[in-house]
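The values are calculated or read from the model by the stated rules, or taken from the named source; none is laboratory data. Fair warning: this is a prediction, and the values are worked out from it, not measured in the lab. Please note: Cβ atoms are built from the backbone with ideal geometry, for glycine as well, and neighbour counts cover all protein chains shown.
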Amino acid sequence: MGDRLSAPQRSYRSDSFGVAAPLPRRRSTVLAAGAVLWVPGPLKKDGWTRKKPRLALVHRPKYDDWSFPKGKLEPGEGWRAAALREVREETGLSCLLGAELPTQHYRAQGRPKEVRYWAAVPTDGVFVPNREVDRLEWLSPRKARERLTHERDQVLVDALLAALAG
């Protein structure tokens, strides 16, 4: 006879009545990467100095939120490659990654999530609204902080400004 397929092995524990019950499966951490895209601010009236940089925020209609472009790593993909791919998919822009910004840890849909971010400057491309992102806006740091849906993303604005200053 041929080999028989067996059910996946599960760990069991005994409850207080001695009845074997399956252990809950651990939910692995969702890994994601993204970037805080920025461009130099416009020239001030003096024609020599610039205003603060402009940051790209994306609107995701599925969640009706404003955030920085990011997304899950694909199997075998590195962090930086995922950040570049996700920025391109969501914004249509290719970019160069700069300084690494703070990593975020939070729960999303009941699972732990880790998102690594980089400062990035666009090199080419054009934004075209798509299924994931229907709007992209370039905002001053102050306006970006106000527009961001999740307070945790405001840390990234401050980290970007610190990286650009020093």
Next on the checklist: Being surrounded by fewer than 14 Cβ atoms within 10 Å (Cβ to Cβ), among the small types (Gly, Ala, Ser) and either more than 25 Å from Ser28 (Cα to Cα) or in contact with a Ser or Thr (Cβ under 9 Å, 6 or more places away or on another chain) (or both) is the requirement here; does Ala162 meet it?
Outcome noted: yes
Checklist entry - Does at least one position in the stretch 110-119 carry a residue that is among the charged types (D, E, K, R), within 22 Å of Ala163 (Cβ to Cβ) and touching a Phe, Trp or Tyr at 6+ places or on another chain (Cβ under 8 Å)? => result yes
Next on the checklist: One residue is enough: does the stretch 116-123 have a residue meeting the conditions surrounded by fewer than 14 Cβ atoms within 10 Å (Cβ to Cβ) and modelled with pLDDT under 95?
Outcome noted: no
Item to check | Among residues of the stretch 78-115, those that are at pLDDT below 95 and either among the aliphatic types (A, V, I, L, M) or crowded, with 18+ Cβ neighbours inside 10 Å (or both), counted | outcome: 1
Next on the checklist: Of the residues Lys62, Lys45, Lys72, only one is touching a strand residue (DSSP E or B) at 6+ places or on another chain (Cβ under 6 Å) and farther than 24 Å from Asp158 by Cβ; which?
Outcome noted: Lys72
Next on the checklist: If a residue counts only when it is polar (S, T, N, Q), which strands (runs of 3 or more DSSP E) contained entirely in the stretch 48-108 have at least 2 such residues?
Outcome noted: 93-108
Item to check | Subset of the stretch 126-154 [under 21 Å from Lys72 (Cβ atoms) and either touching a residue at least 40 places away in the same chain (Cβ under 8 Å) or part of a strand (DSSP E or B) (or both)] | outcome: Asn130, Glu132, Val133, Asp134, Leu136, Leu148, Thr149, His150, Arg152, Asp153
Checklist entry - Given the structure, is Arg107 of a type outside the set (Val, Ile, Thr), closer than 30 Å to Ser28 by Cβ and in contact (Cβ under 8 Å) with a residue 60 or more places away in the chain? => result no
